[in-house]
1. Return the total of residues in segment 99-108 being surrounded by fewer than 20 Cβ atoms within 10 Å (Cβ to Cβ) and aliphatic (A, V, I, L, M).
2. Checking the conditions here, which among Gly289, Gly282, Gly257, Gly275 is buried (at least 19 other Cβ atoms within 10 Å of the Cβ) and more than 30 Å from Val90 (Cβ to Cβ)?
3. Do you know which residues across segment 290-328 are closer than 16 Å to Ala223 by Cα, under 22 Å from the mean Cα position of the chain (by Cα) and in contact (Cβ under 8 Å) with a residue 60 or more places away in the chain?
4. Answer with yes or no whether Ile219 is buried (at least 18 other Cβ atoms within 10 Å of the Cβ) and not aromatic (Phe, Trp, Tyr).
5. Keeping to segment 285-328, report how many residues are among the charged types (D, E, K, R) and within 26 Å of Pro253 (Cβ to Cβ).
6. When Asp249 is evaluated against the numbered criteria (1) without any contact (Cβ under 8 Å) to a residue 60 or more places away in the chain; (2) in a helix (DSSP H, G or I); (3) in contact with a Phe, Trp or Tyr (Cβ under 9 Å, 6 or more places away or on another chain), which criterion, by number, is the only one it fails?
7. Pick from Lys311, Lys274, Lys321, Lys294: which is out of contact with any Lys or Arg (no Cβ under 6 Å at 6 or more places or on another chain) and part of a strand (DSSP E or B)?
Amino acid sequence: MTDSAESPVQPDSEVSASAVPEAATASAADRHPDFHAGFVAFVGRPNAGKSTLMNALVGEKVAITSAKPQTTRRAIRGILTADAGQIVVVDTPGLHRPRTLLGQRLNDIVEAELDGVDVVCVCLPADEAIGPGDRRIIEQVGRHPRAKRVALLTKTDRVRPDDVAARLIEIDALAEWATLIPVSAVTDDQVDVVRDELIRLLPASQQLYDAETHTEDSIEVRAAELIREAMLEDVRDELPHSLAVVIDDVEAPEAEGGVTKIYASVFVERDSQKGIIIGRGGQRLKAFGTAARKQIEQLIGGRVHLDLRVKVAKEWQTSPKLLDRLGF
């Protein structure tokens, strides 16, 4: 194990919606009048069910999920292709009052995405009261009039039907919505309705991605997220916010059916956190690695050797230089 944090880290590349050829041109609409395609942003406060719903729509795990706040730290694109259209779902970090430079950068990601999408879905969990944070998010979305606004009442499986009806009335009064849909990604209730309504709201367009593509993210990016997800399940207090994972190298198998070797660095902010992650005799880190390796093997469809090294990057959440090196 090493506590060095000086090895160079290359930031993940970001692809904005505007980087894709214009979807809603008159010629595209003329050529594909019955097919709709475009970008849909999911926004909301932390733990609003955005990532779980995106995975349910896409039909594949393209975003990690956790009960810990700020699990999503980038704009993650999940791609759903149906007979009537193609939805590029942009899952964004939870909007919140930032306490660190990282928090501010996460909010900035959301703001940037709102400028380039066709539809914005505000996700509001049915099992929590609508609060000032939700109202601020709705106001922020209203400052981007180009996109159509949709309200999604998520996690409806956690409340009674009467409570769902009352919450829908409350949400309807908050803004002018193109549509308002109650949905449960866990029970798959109304997920198909969300899909059909979003396709209806998107512009007539040719297909933007191959039908077999479900995400833009590379294997390296998805592997790093799966490692972080395994750790988020078993850490408490401030430690989830202090974790960052970077893939240092991937070695392809030398022969068909061989083992893919993945080398990753897990960054924390303090020496005490490093000890928590490693655990007595390295047992905790080994357990994290085993859980992550199984997920990565499912992702790539083959055997994986996962090498994890824990490093300290002191107060990286507040350091512009370290944030840049860690890809934020």
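1. Selection size over segment 99-108: 1.
2. Gly289
3. Ala291, Ala292, Gln295, Ile296, Leu299, Ile300, Leu326, Gly327
4. So Ile219 does not fit the description; no.
5. 7
6. Only one criterion in (1) without any contact (Cβ under 8 Å) to a residue 60 or more places away in the chain; (2) in a helix (DSSP H, G or I); (3) in contact with a Phe, Trp or Tyr (Cβ under 9 Å, 6 or more places away or on another chain) is unmet by Asp249, namely (2).
7. From the options Lys311, Lys274, Lys321, Lys294, the qualifying one is Lys311.
Residue by residue, here is whether (1) outside the structural domain of Leu285 (by TED's automatic domain parsing); (2) of a type in the set (A, V, I, L, M); (3) touching a residue at least 12 places away in the same chain (Cβ under 8 Å) holds:
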{"residue": "Thr187", "(1), (2), (3)": "yes, no, yes"}
{"residue": "Tyr209", "(1), (2), (3)": "yes, no, yes"}
{"residue": "Thr213", "(1), (2), (3)": "yes, no, yes"}
{"residue": "Glu225", "(1), (2), (3)": "no, no, yes"}
{"residue": "Arg228", "(1), (2), (3)": "no, no, yes"}
{"residue": "Leu232", "(1), (2), (3)": "no, yes, yes"}
{"residue": "Arg236", "(1), (2), (3)": "no, no, no"}
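The values are calculated or read from the model by the stated rules, or taken from the named source; none is laboratory data. These numbers were taken from a predicted model, which means no experiment stands behind them. Note that each Cβ is placed from the backbone with ideal geometry, even for glycine, and that neighbours are counted across all protein chains shown.
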